[in-house]
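A.B. asks: Pasting a structure here, questions to come.
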Amino acid sequence: MGDQRRKFTPRQRNRRPLGQSSSKNQAPTTPLPPPVKRDDYWYVAAPLSSRLYQKSGLGQTTSDGGILLLSEEVLFCHWHRHMPLPYDSWFTEQLDLDSQHIARAVVFDVARSGGELVIPAVHLKDDLKKKIHPSTWAVRWRRNQLFGKEQPEAQARWACTTDTVDIVELLEWASNVKSEGYIPELYIVDEEMDVTMYRLENIDMEGNQKTWNQLAESEQDSIRQLWSQKLPWGEGWYIPSQQQWQWAAVGVEHMSGRLLRKEEGEWLGNIISSEDKSSNTDSLFAHLMAKGLIIRPGFKFGCRWRVYDGAVEKSHAPWLVQTESDAPSTWEGVCLSVRLAEGVHKSWVCIIGQQDTWNCLQIKRWLPGKN
């Protein structure tokens with residue numbers, strides 16, 4: 001049973017009621033007119049349209065000075081701009097047409113709650129739209145940017161925690177967005193209608209440890225000699241002479257010797273015998289070792305490896321690494337992995353690819369205006 005003596009104030013969740021505004025600003029004396037249906041959008045006439053578009057970047061303009069809103073923008077204006085819904089049954093009709101209507105409206109609301117300007121990609125002008133990836137849902141400007149004169153900072157997409165993750169497609173999207181000069185962002189909405197935001201980056205993990213090719217010939221000869229004295233230990237090997245071992249990146253000191261786990265021993269054995277018997281995962285191990293990294297098991301952190309860029313005795317592992325084949329299948333799993341990694345001050349990385357075409361997709365939580 002929990003300790004009821006703890007004193008704290010629970011975070012108040014936004015319930016987003018229909019029929020009343022969430023805005024702290026005073027409502028206009030004369031009620032605003034509701035939007036009306038126009039094709040697949042909801043039309044707002046001038047002069048209200050000008051205020052919504054010029055100050056808040058809502059909707060897309062029409063030739064008569066009005067704007068066309070998406071259904072999530074209608075709800076945003078209802079909650080924050082004192083605009084009534086089109087009619088009483090409007091919300092349930094929208095939900096009947098699109099079961100994700102609630103989630104999308106919540107994501108749009110949260111994405112703008114910090115003062116950021118988030119505009120759906122369908123509203124963008126053609127000159128900007130051609131730079132936007134087809135899978136991008138919206139673009140984001142910082143709160144201090146002018147959306148009509150400056151380029152957006154980020155491209156964003158959203159998903160629910162129960163949605164399936166296509167990690168390869170996500171990497172391709174993030175890489176394309178980054179190549180166009182934008183930050184790739186992901187907004188995940190959970191089943192309590194809370195939203196967590198993430199930033200994605202294809203990173204290059206590198207370390208400062210000696211690789212096999214950087215060892216002196218005498219050091220390589222010493223390691224070959226010691227390897228020839230190995231004894232089986234579980235699925236790995238034990239090398240008795242710790243005092244003579246000169247490669248800190250490989251194995252761990254124990255029992256006055258050196259313990260090498262299975263993947264380390266197989267990789268080292270391949271190097272020494274100059275044979276290529278490596279499987280796909282072993283090739284990845286070799287790729288990371290060639291980057292000067294130290295690779296240790298990630299069992300305690302629910303991942304394949306924890307990866308160091310410096311000596312284990314002097315620094316913590318910056319990354320927790322999962323392979324593509326073992327990556328979570330839903331966003332709920334990814335969010336859990338990222339949260340666990342950041343809870344121990346590390347970044348969660350999923351490695352995608354094969355042979356010499358490995359890509360390291362880093363996913364980190366992000367809060368507008370805070371990081």
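A.B. asks: Mind checking whether some residue in the stretch 126-140 is of a type in the set (Asp, Glu) and more than 30 Å from Gly353 (Cβ to Cβ)?
C.D. replies: yes
A.B. asks: I've got another one for you. Go through (1) open to solvent by 70 Å² or more (accessible area, probe 1.4 Å); (2) touching a strand residue (DSSP E or B) at 6+ places or on another chain (Cβ under 8 Å); (3) more than 18 Å from Trp267 (Cβ to Cβ); (4) not aromatic (Phe, Trp, Tyr) and name the single condition Pro232 misses.
C.D. replies: It fails just one condition, (3).
A.B. asks: I'd like to verify a number: residues in the stretch 227-243 that are outside any helix (DSSP H, G or I) and either touching a residue at least 60 places away in the same chain (Cβ under 8 Å) or not polar (S, T, N, Q) (or both), how many?
C.D. replies: 11
A.B. asks: Regarding Glu185, is this residue under 33 Å from the mean Cα position of the chain (by Cα), crowded, with 18+ Cβ neighbours inside 10 Å, of a type in the set (D, E, K, R) and at pLDDT 95 or above?
C.D. replies: So Glu185 passes the test.
A.B. asks: Is there a residue in the stretch 85-100 that is of a type outside the set (A, V, I, L, M, F, W, C), within 18 Å of Asn14 (Cβ to Cβ) and in contact (Cβ under 8 Å) with a residue 12 or more places away in the chain?
C.D. replies: No - not one qualifying residue is present in the stretch 85-100.
A.B. asks: Here's a follow-up. In the stretch 260-289, which residues are modelled with pLDDT of 95 or more and assigned to a loop (DSSP other than H, G, I, E, B)?
C.D. replies: Listed by number, the list holds a single entry, Arg261.
A.B. asks: Determine which member of the set Met193, Met205 is assigned to a loop (DSSP other than H, G, I, E, B) and at positive phi.
C.D. replies: Answer to the selection: Met193.
A.B. asks: Then there is this: Go through the stretch 48-70 and give me each residue that's of a type in the set (A, V, I, L, M, F, W, C), surrounded by fewer than 22 Cβ atoms within 10 Å (Cβ to Cβ) and part of a strand (DSSP E or B).
C.D. replies: Matches in the stretch 48-70: Leu68 only.
A.B. asks: From Val177, Val165, grab the single residue that is open to solvent by less than 30 Å² (accessible area, probe 1.4 Å) and under 15 Å from Trp366 (Cβ atoms).
C.D. replies: Within the list Val177, Val165, the selection yields Val177.
A.B. asks: Condition test on Asp221, is it over 24 Å from Lys129 (Cβ atoms), free of Cβ contacts under 8 Å to residues at least 40 places away in the same chain, open to solvent by 60 Å² or more (accessible area, probe 1.4 Å) and charged (D, E, K, R)?
C.D. replies: Working: over 24 Å from Lys129 (Cβ atoms): yes; free of Cβ contacts under 8 Å to residues at least 40 places away in the same chain: yes; open to solvent by 60 Å² or more (accessible area, probe 1.4 Å): yes; charged (D, E, K, R): yes.
For Asp221, the condition - over 24 Å from Lys129 (Cβ atoms), free of Cβ contacts under 8 Å to residues at least 40 places away in the same chain, open to solvent by 60 Å² or more (accessible area, probe 1.4 Å) and charged (D, E, K, R) - is met.
A.B. asks: Output the number of the condition that Ser135 fails; it satisfies all remaining conditions of (1) open to solvent by 20 Å² or more (accessible area, probe 1.4 Å); (2) within 24 Å of Arg16 (Cα to Cα).
C.D. replies: Just one mismatch for Ser135, condition (2).
A.B. asks: Looking at this structure, is Thr162 modelled with pLDDT of 95 or more and in contact with a Ser or Thr (Cβ under 7 Å, 6 or more places away or on another chain)?
C.D. replies: So Thr162 passes the test.
A.B. asks: Right, next: Given the criterion under 28 Å from the mean Cα position of the chain (by Cα), basic (Lys, Arg) and closer than 20 Å to Phe147 by Cα, identify the matching residue among Arg104, Arg81, Arg51, Arg112.
C.D. replies: Values: Arg104 fails: closer than 20 Å to Phe147 by Cα; Arg81 fails: under 28 Å from the mean Cα position of the chain (by Cα); Arg51 fails: under 28 Å from the mean Cα position of the chain (by Cα).
Only one candidate qualifies: Arg112.
A.B. asks: Can you tell me which residue in the stretch 319-371 is nearest to Glu206 (Cα to Cα), limited to those that are among the hydroxyl-bearing types (Ser, Thr, Tyr) and open to solvent by 70 Å² or more (accessible area, probe 1.4 Å)? Don't jump to the end; show me each part of the working.
C.D. replies: Keep residues of the stretch 319-371 that are among the hydroxyl-bearing types (Ser, Thr, Tyr), which gives 323, 325, 329-330, 337, 347, 357.
Then keep just the ones that are open to solvent by 70 Å² or more (accessible area, probe 1.4 Å); that gives 325, 329, 357.
Values: Ser325: 22, Ser329: 27, Thr357: 16 Å.
Filtering first and then ranking leaves Thr357.
A.B. asks: Return the total of residues in the stretch 199-214 being open to solvent by 70 Å² or more (accessible area, probe 1.4 Å) and either closer than 30 Å to Ala159 by Cβ or small (Gly, Ala, Ser) (or both). Show your work before the answer.
C.D. replies: Of all residues in the stretch 199-214, those open to solvent by 70 Å² or more (accessible area, probe 1.4 Å) come to 201, 204, 206, 208, 210, 213-214.
Going one step further and asking which of them are either closer than 30 Å to Ala159 by Cβ or small (Gly, Ala, Ser) (or both), we end up with 201, 204.
Residues flagged as open to solvent by 70 Å² or more (accessible area, probe 1.4 Å) and either closer than 30 Å to Ala159 by Cβ or small (Gly, Ala, Ser) (or both) within the stretch 199-214 amount to 2.
A.B. asks: Please verify whether Gln243 is among the polar types (S, T, N, Q) and open to solvent by 90 Å² or more (accessible area, probe 1.4 Å), treating the condition exactly as stated.
C.D. replies: In short, yes.
The values are calculated or read from the model by the stated rules, or taken from the named source; none is laboratory data. Since the model is a prediction, treat every value here as computed from it, not as a measurement. Note: ideal-geometry Cβ built from the backbone for every residue, glycine included; neighbour counts use all protein chains shown. These accessible areas exclude ligands, DNA and RNA; they are computed on the full protein's heavy atoms, side chains included. Shrake-Rupley method; radii C 1.70, N 1.55, O 1.52, S 1.80 Å.
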